[in-house]
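Student: Supplied in structure tokens, the structure appears directly below.
The values are calculated or read from the model by the stated rules, or taken from the named source; none is laboratory data. Since the model is a prediction, treat every value here as computed from it, not as a measurement. Using ideal geometry, Cβ is built from the backbone for each residue, glycine included, and neighbour counts are taken over all protein chains shown.
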């Protein structure tokens, strides 16, 4: 059996597509897991799950220790071959702990997963996006975490039915407790969903100057502004939901315009899958040009306003 | 407050060159260093020790040349170092068993601190794995740690929200790069660190029977990066016009 779990519904639907494909190759079924509720069960079935296990618990908040304990029980009862987990921060800490509990292998943030000789082979970015590690499991269950947007969900099929198994599981309680959950200061930007992103980096001298990027994003009807690490993490000119890179968000818009971004590999790792990449930088030697389709060498304070007005003219 | 910090020796990823024909990374000859975020973990440990006293032990699973790197950590403020050389095919599982075994051998501890991930492999699974093997609570992606006598209060950064968790000891915490700014040791500290002990323990001693990998690496392959690399160098107006024409042609302006 192939198990699929994420605390994010959308990500679960994406994993189900891959889970379905793997389960067919392995001649198994794919099961989605809900913990503490079964409200998404119908949707999971309509998007490819053969059945759904809804673990009945009184847990309402995620704690890796407790969720790993529940998944450990489910995996052992079903003698699972493959466990796919959504690679958000909760998912990654869950996967690692579960791997220790099941004393098995785990590969995180896989961008490719397939079956070879009945074992799972994974591909993931390593060395800050400079290489891809190809790894194969020699143990099972095989735990794989998959980041958002790596795969599309299957189209909805209302006729696809399956069983919803409601079951109580004992689990180990964690002695830690959650005392506060606070929304982080964000501007409600979802860079992962953007079709066009205009991004800014250290080339900007003042926080106010970021309006140049906003204006360009506006005429492109992309309206999405991204940034490199220093702008969000160090200077805090933009909230972290704008941050694109290895520790920030990974994006693949059809057009990515990098303004005043030097092109550190950590940033490239977050945007390398973009359709068309444009770079604007005054340093002709900047690394970003190596990762760009088109580049203009020049002062962004001159280039961006000109580009904004030229695009405005072109698009009418 | 006894603290154990797990620190990994890695290649300096910013120094990696890519072979232009195979697109594979050239790892030979790349300088080694302690993974950046592990230094944040040690810095946090030192801050806790400054306030509450205690002892800091750093544990490294790596080749014997990692001893030089451990010396840097002792100069920063760790009290003792432990180095365990892993068997040749050590995967995430093997390393986690060695770390957990070494931590058990050290014995008395309140907090285990790690970086959220190492900058070379960035798997992020080592902290949670070790916590799982030790069967202690885990707090990952901590951007703030406040140590009290009987409990630690820590804030996790989940990107869209911050979750505050309280845990009794012992506990394992992984920290983000934003939590602090690691200090640079003074010359006096560097000199004084040479008298601090570094223990070398055989992997078999700390993780006997658990050194069988669960995953094998088949290949480290290059990343295809087929970009056009067209750079417009005419005067600015012409460059902008050409760029806009190109963008319209490839269909991204609509």
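Rundown of residues vs (1) at the interface with chain A (Cβ under 7 Å from one of its Cβ atoms); (2) under 17 Å from the mean Cα position of the chain (by Cα); (3) closer than 20 Å to residue B:52 by Cα; (4) surrounded by fewer than 22 Cβ atoms within 10 Å (Cβ to Cβ), yes/no style:
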residue	(1), (2), (3), (4)
B:136	no, no, no, no
B:143	no, yes, yes, yes
B:149	no, no, yes, yes
B:192	no, no, no, yes
B:203	no, no, no, yes
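Student: What pairs come out if I take residues in the stretch A:24-36 that are in the same structural domain as residue A:71 (by TED's automatic domain parsing) and surrounded by fewer than 16 Cβ atoms within 10 Å (Cβ to Cβ) and pair them with residues that are at pLDDT below 95 and not in a strand (DSSP E or B) whose C-beta lies under 9 Å away, six or more apart or interchain?
Tutor: Here the result reads A:25/A:118, each pair linking the stretch A:24-36 to a residue that is at pLDDT below 95 and not in a strand (DSSP E or B).
Student: From the set of residues in the stretch A:257-273 that are at the interface with another protein chain (Cβ under 10 Å from one of its Cβ atoms) and within 18 Å of residue B:231 (Cβ to Cβ), which is modelled with the lowest pLDDT?
Tutor: Ranking the qualifying residues of the stretch A:257-273, first place goes to A:268.
Student: Oh, and also: Would you call residue B:119 within 10 Å of another protein chain (Cβ to nearest Cβ), outside any strand (DSSP E or B), at pLDDT below 95 and touching a strand residue (DSSP E or B) at 6+ places or on another chain (Cβ under 7 Å)?
Tutor: Details: within 10 Å of another protein chain (Cβ to nearest Cβ): yes; outside any strand (DSSP E or B): yes; at pLDDT below 95: yes; touching a strand residue (DSSP E or B) at 6+ places or on another chain (Cβ under 7 Å): yes.
Against the criterion (within 10 Å of another protein chain (Cβ to nearest Cβ), outside any strand (DSSP E or B), at pLDDT below 95 and touching a strand residue (DSSP E or B) at 6+ places or on another chain (Cβ under 7 Å)), residue B:119 qualifies.
Student: Among the residues of the stretch B:88-107, are any touching a strand residue (DSSP E or B) at 6+ places or on another chain (Cβ under 6 Å), surrounded by 22 or more Cβ atoms within 10 Å (Cβ to Cβ), more than 14 Å from every other protein chain (Cβ to nearest Cβ) and part of a strand (DSSP E or B)?
Tutor: no
Student: With respect to residue A:112, is the statement that it is within 9 Å of chain B (Cβ to nearest Cβ) and surrounded by fewer than 21 Cβ atoms within 10 Å (Cβ to Cβ) true? Break it down into steps so the answer makes sense when it comes.
Tutor: Numbers: within 9 Å of chain B (Cβ to nearest Cβ): no; surrounded by fewer than 21 Cβ atoms within 10 Å (Cβ to Cβ): yes.
In short, no.
Student: Exactly one condition in (1) assigned to a helix (DSSP H, G or I); (2) under 26 Å from residue A:112 (Cβ atoms) is not met by residue A:42; state its number.
Tutor: Result: residue A:42 passes all but (2).
Student: Given (1) within 12 Å of chain A (Cβ to nearest Cβ); (2) in contact with a strand residue (DSSP E or B) (Cβ under 7 Å, 6 or more places away or on another chain), identify the lone condition not met by residue B:234.
Tutor: Of everything listed in (1) within 12 Å of chain A (Cβ to nearest Cβ); (2) in contact with a strand residue (DSSP E or B) (Cβ under 7 Å, 6 or more places away or on another chain), residue B:234 misses just condition (2).
Student: Against the definition (farther than 25 Å from residue B:156 by Cα, crowded, with 24+ Cβ neighbours inside 10 Å and touching a strand residue (DSSP E or B) at 6+ places or on another chain (Cβ under 9 Å)), how does residue A:48 come out, yes or no? Lay out the reasoning, then the answer.
Tutor: Working: farther than 25 Å from residue B:156 by Cα: yes; crowded, with 24+ Cβ neighbours inside 10 Å: yes; touching a strand residue (DSSP E or B) at 6+ places or on another chain (Cβ under 9 Å): yes.
Answer is yes for this residue.
Student: Out of all the residues in the stretch A:226-245, is one or more within 23 Å of residue B:236 (Cβ to Cβ) and in contact (Cβ under 8 Å) with a residue 40 or more places away in the chain?
Tutor: In the first step, residues of the stretch A:226-245 are kept if they are within 23 Å of residue B:236 (Cβ to Cβ); the result is none.
For the stretch A:226-245, residues within 23 Å of residue B:236 (Cβ to Cβ) and in contact (Cβ under 8 Å) with a residue 40 or more places away in the chain: absent.
Student: Against the definition (surrounded by fewer than 14 Cβ atoms within 10 Å (Cβ to Cβ), more than 7 Å from every other protein chain (Cβ to nearest Cβ), out of contact with any helix residue (DSSP H, G or I) (no Cβ under 8 Å at 6 or more places or on another chain) and under 30 Å from residue A:81 (Cβ atoms)), how does residue B:209 come out, yes or no? Show your work before the answer.
Tutor: On the way: surrounded by fewer than 14 Cβ atoms within 10 Å (Cβ to Cβ): yes; more than 7 Å from every other protein chain (Cβ to nearest Cβ): yes; out of contact with any helix residue (DSSP H, G or I) (no Cβ under 8 Å at 6 or more places or on another chain): yes; under 30 Å from residue A:81 (Cβ atoms): yes.
Yes, satisfied.
Student: For the stretch A:132-162, what are the residues that are modelled with pLDDT under 95 and within 14 Å of another protein chain (Cβ to nearest Cβ)?
Tutor: A:132, A:139, A:140, A:147, A:148
Student: So for the stretch B:226-237 (the condition being assigned to a helix (DSSP H, G or I) and surrounded by 14 or more Cβ atoms within 10 Å (Cβ to Cβ)), does at least one residue qualify?
Tutor: yes
Student: Go over the candidates A:311, A:296 one by one and state the one that is buried (at least 22 other Cβ atoms within 10 Å of the Cβ), within 10 Å of another protein chain (Cβ to nearest Cβ) and touching a helix residue (DSSP H, G or I) at 6+ places or on another chain (Cβ under 6 Å). Show your work before the answer.
Tutor: Numbers: A:311 fails: buried (at least 22 other Cβ atoms within 10 Å of the Cβ).
Only one candidate qualifies: A:296.
Student: For the condition surrounded by fewer than 21 Cβ atoms within 10 Å (Cβ to Cβ) and either at the interface with chain B (Cβ under 9 Å from one of its Cβ atoms) or closer than 23 Å to residue B:14 by Cα (or both), what is the one hit in A:250, A:236, A:254? Show your work before the answer.
Tutor: Values: A:250 fails: surrounded by fewer than 21 Cβ atoms within 10 Å (Cβ to Cβ); A:236 fails: either at the interface with chain B (Cβ under 9 Å from one of its Cβ atoms) or closer than 23 Å to residue B:14 by Cα (or both).
Exactly one residue qualifies, and that residue is A:254.
Student: Conditions: (1) in contact with a helix residue (DSSP H, G or I) (Cβ under 6 Å, 6 or more places away or on another chain); (2) within 14 Å of another protein chain (Cβ to nearest Cβ); (3) at pLDDT 95 or above. Residue A:52 meets all but one. Number of the miss?
Tutor: (2)
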